[in-house]
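What follows is calculated from the coordinates using simple rules that are stated; it is not laboratory data. Everything numeric here is computed off the predicted structure, so don't read it as measured data. Note that we place each Cβ from the backbone using ideal geometry, even for glycine, and neighbour counts take in every protein chain shown.
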Amino acid sequence: MSFQEYFVKNRCEPVVKSLEFGGGGVNFPSNEVSSALKESTALILSPSNPYLSINPILALAGFREDINNFKGMKIAVSPIVGGKALKGPADKLLRELGSDVSALGVAQQYTGICDVFVIDKQDTELIGDIEDLGMNVVVTDTVMKSKRDKVTLAKVILDLCE
């Protein structure tokens, strides 16, 4: 089933047993992306669904290698807070694909990719397990209900980049 069918037509209701990413001859990374990675001091993975947003990008030919060679800080923000996705089917997919439905389950997706993993204050019991994956953990409010919340989280992340 295509992503469009799953996400739009079937509203994420079918049980997912596996995912397959087809790059279809995409030439990646582009010169612009390669240049940006060479010039950047930090790479931030937003609090997006690891299966539907982040992993498809990481699966593109050459990109994971570019990430592994990236010299700057690599930071990810968990999209799961208190065992639930704040938006979309991330929690459903984690469960169906056999991962822990938690910030830890997301961190496991990024093992070897990220230096720092940002989690919400609701998930402090996971700090040790995430650190065992080789990532430093930063705890802050990650739920963004207002513009102020968004700015505060952005400042925390930018401070990590210095």
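For a paramagnetic label modelled on Asp149 (point 7 Å from Cα along Cα→Cβ), amide N atoms under 15 Å away belong, within segment 63-80, to 78-80.
Taking amide H as placed 1.01 Å from N in the peptide plane, the amide H of Val81 sits under 5 Å from that of Leu86, each at least 5 places away or on another chain. With Cα atoms defining each centre, segment 139-162 and segment 115-131 are spaced 15 Å apart in the structure. Kirkwood hydrodynamic radius (Cα pairs, Å) of segment 1-105? Here the Kirkwood hydrodynamic radius works out to 15.3 Å. For the residues Phe70, Phe21, Phe117, a GNM of the chain with alpha-carbon springs under 10 Å puts the largest fluctuation on Phe21.
Taking 0.36 nm per residue of separation and subtracting the Cα-Cα distance, full extension of the segment from Cys12 to Leu158 would add 49.2 nm.
Across all Cα atoms of segment 23-162, the radius of gyration (one decimal) and Dmax (whole number) stand at 15.0, 43 Å. Across segment 130-144, coupling constants 3J(HN,Hα) worked out from phi with the 6.51/-1.76/1.60 Karplus curve, θ = phi - 60°, read 6, 4, 4, 7, x, 10, 6, 10, 10, 10, 7, 6, 10, 6, 10 Hz, and Gly and Pro carry x. Ordered by the count of other Cβ atoms within 10 Å of each Cβ, fewest first, Ser18, Ser46, Ser53 give Ser18, Ser46, Ser53.
What GluC sites (Glu not before Pro) in segment 8-111 are in a loop by DSSP, with at most 16 other Cβ atoms within 10 Å of the Cβ?
Working: sites: Glu20, Glu32, Glu39, Glu65, Glu96; in loops: Glu20.
Qualifying residues, ordered by number: Glu20.
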